[in-house]
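Read the figures in this text as sums done on the coordinates, not as results from a lab. Not measured: the values here are computed from a predicted model. In this analysis, Cβ positions are derived from the backbone assuming ideal geometry, glycine residues included, and neighbour counts consider all displayed protein chains.
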Amino acid sequence: MKTVRIGIIGGGLMGREMASAFARWCALKDLPVQPVLTAVADVNPAVLEWFRALPGVALTTTDYHEMLRSPEVDVVYVAVPHHLHERVYCDVLAAGKDLFAEKPFGINLAAAEAIFEATLKSGAFVRCSSEFPYFPGAQRVFKAVGAGGMGRLLEIRSGFHHSSDLDPTKVANWKRFSGICGEVGVLGDLGMHTLHVPLRLGWVPRTVYAQLQKGYAERPDGKGGMAECDTWDNAMLHTWVESGGEDVPMRLEMKRMAPGATNSWFIEVLGTEGGMSYSTAEPKTLKTFRRKGGEQVWETVSLGFEMPFPAITGGIFEPGFPDIMQQMWAAYLMEREGLLGERFGCVTPEEAVASHRVFAAALESQRDGRVVAVK
Ligand SMILES: NC(=O)c1ccc[n+]([C@@H]2O[C@H](COP(=O)([O-])OP(=O)(O)OC[C@H]3O[C@@H](n4cnc5c(N)ncnc54)[C@H](O)[C@@H]3O)[C@@H](O)[C@H]2O)c1
């Protein structure tokens, strides 16, 4: 078993989630590589307390440069607010470390391109986070499309809905401010999740017509006052992609105000002969469509723990968010070792830049109220 020493920059929501994925690595079977968390950097000393209790964490620091100087770190995972992505990612690469980046891979297209250039210059192994394709239902959709048999594709829908912004009393965090989250707002927050599988299937949007909506203009600031919130909260991107020599409409839906939804990632692909629909709102249920004789049939399959990387968990049990995070890390580490094989890989730097090109076109479309070509 080869160990890979991981450093985390940004120990908030995602930093802790990843640490927990490493801590239960024994759940994975027969994997020749194991991550060991050795160092954590966060500007907030209180955040570091939680990590100090974890075995193996030898360095905790409020200055991430100290971590980057450490020879005890091979790979750095960075989970900081979007306005810091470019600087921190480029510093990681300049320090000669491999990088597991968080989405959206820079606050805007220019930042993503700068990170991409730094990646090429460094020769480091760089991938970006997107965990939902590791759900068994998502894998089934990906494989079914690749195998063909759906006939002429009629429609593709890929989306991510949650509703945490519906509550007007929720305190504003950095994701509600364009200066920190990015002018792209919800596109940067949820867009990579909706584009990872389509881009990997070769469905690169050629044109975009965007409908973007803002949320509440102000929210409590957590200090007794109100804060102005200016980011886009909901986005519907109507795009054209090419598949099998035909133009196919693909709708990308990213919503932070979707009534009733809690982190529901979904993908639906419909063709003349067959189709599939999967949503993490019903994580075990895969819906399949086929034409059989003269009839049109929708069927449901109850999925179990059918993961790309086998685990000790029994095959009938249901997977959840912590499991797909761990699967994503397994994919990152195995690809880094050249051992990914046919399994689904994490977002590449090229795909991350491609997603930003779609977001930039979407902003232009919203501003001008017209269809915009993705450059
Ligand atoms: N893959 C996913 O499902 C998913 C989910 C949520 C967030 N994210 C992404 O993860 C990243 C972080 O989001 P989050 O929700 O964890 O944010 P968060 O606010 O919970 O955590 C960010 C942490 O970064 C720290 N930080 C800020 N500046 C720093 C600096 N200069 N050096 C070191 N630490 C610093 C903060 O103190 C905080 O602890 C974002 O890019 C976000 O888009 C991904």
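Points worth noting:
- Put simply, the C-alpha atoms of the stretch 131-229 give a gyration tensor, and the ellipsoid matching it has half-axes of 35, 14, 11 Å, longest first.
- For the chain, calculated [θ]222 nm from helices alone, where every DSSP H run of n ≥ 4 adds -39500 (n - 2.57): -9500 deg cm²/dmol
- Amide H within-cut-off set for Ser130, under 5 Å, with H built and near neighbours excluded: Val347
- All aspartates and glutamates inside 17 Å of Lys287 as judged from Cα atoms, apart from same-chain residues fewer than 8 positions distant: Glu155, Glu268, Glu273, Glu295, Glu299, Glu306, Glu318
- Annotation: amide H-H contacts under 5 Å for Met226 (H modelled 1.01 Å from N, sequence separation of 5 or more, or interchain): Asp221.
- Listed by Cβ neighbour count within 10 Å, with the fewest neighbours leading, Asp91, Asp221, Asp323, Asp42 appear as Asp221, Asp91, Asp42, Asp323.
- Taking a sphere under 10 Å around the Cβ of Ala41 and counting the other residues whose Cβ falls inside, with K and R at +1 and D and E at -1, yields a net charge of -3.
- Calculated Rg and Dmax of the stretch 2-128 using C-alpha coordinates, Å: 14.0, 41
- Least to most buried among Thr313, Thr231 (fewest other Cβ within 10 Å first): Thr313, Thr231
- Each other residue within a Cβ distance under 14 Å of Ser355 adds +1 if Lys or Arg and -1 if Asp or Glu, for a net charge of 0.
- Kirkwood-type radius of the chain, with distances r between different C-alpha atoms, in Å: 21.5 Å
- Trypsin sites (Lys or Arg not before Pro) restricted to the stretch 194-253 and DSSP loop, no more than 10 other C-beta within 10 Å: Lys223
- For the stretch 295-308, Karplus couplings with θ = phi - 60° (6.51, -1.76, 1.60), whole Hz, Gly/Pro x: 9, 10, 10, 9, 10, 10, 10, 8, 8, x, 8, 8, 9, x
- Legend: P(r) of the stretch 127-184 from all alpha carbon pair distances, 10 Å bins from 0, whole percents, reading 15, 31, 27, 20, 7.
- Residue order, fewest to most beta carbons within 10 Å, for His161, His196, His65, His85: His65, His161, His85, His196
- Qualifying lysines (Cα of each under 29 Å from Cα of Lys375; at least 8 residues distant if same chain): Lys103, Lys121, Lys143, Lys175, Lys214, Lys255
- Contact order relative to length of the chain, as percent, for alpha carbon pairs under 8 angstrom and 6 or more apart: 19 percent
- Nonlocal amide H pairs with Glu155, under 5 Å, H built at 1.01 Å: Leu270
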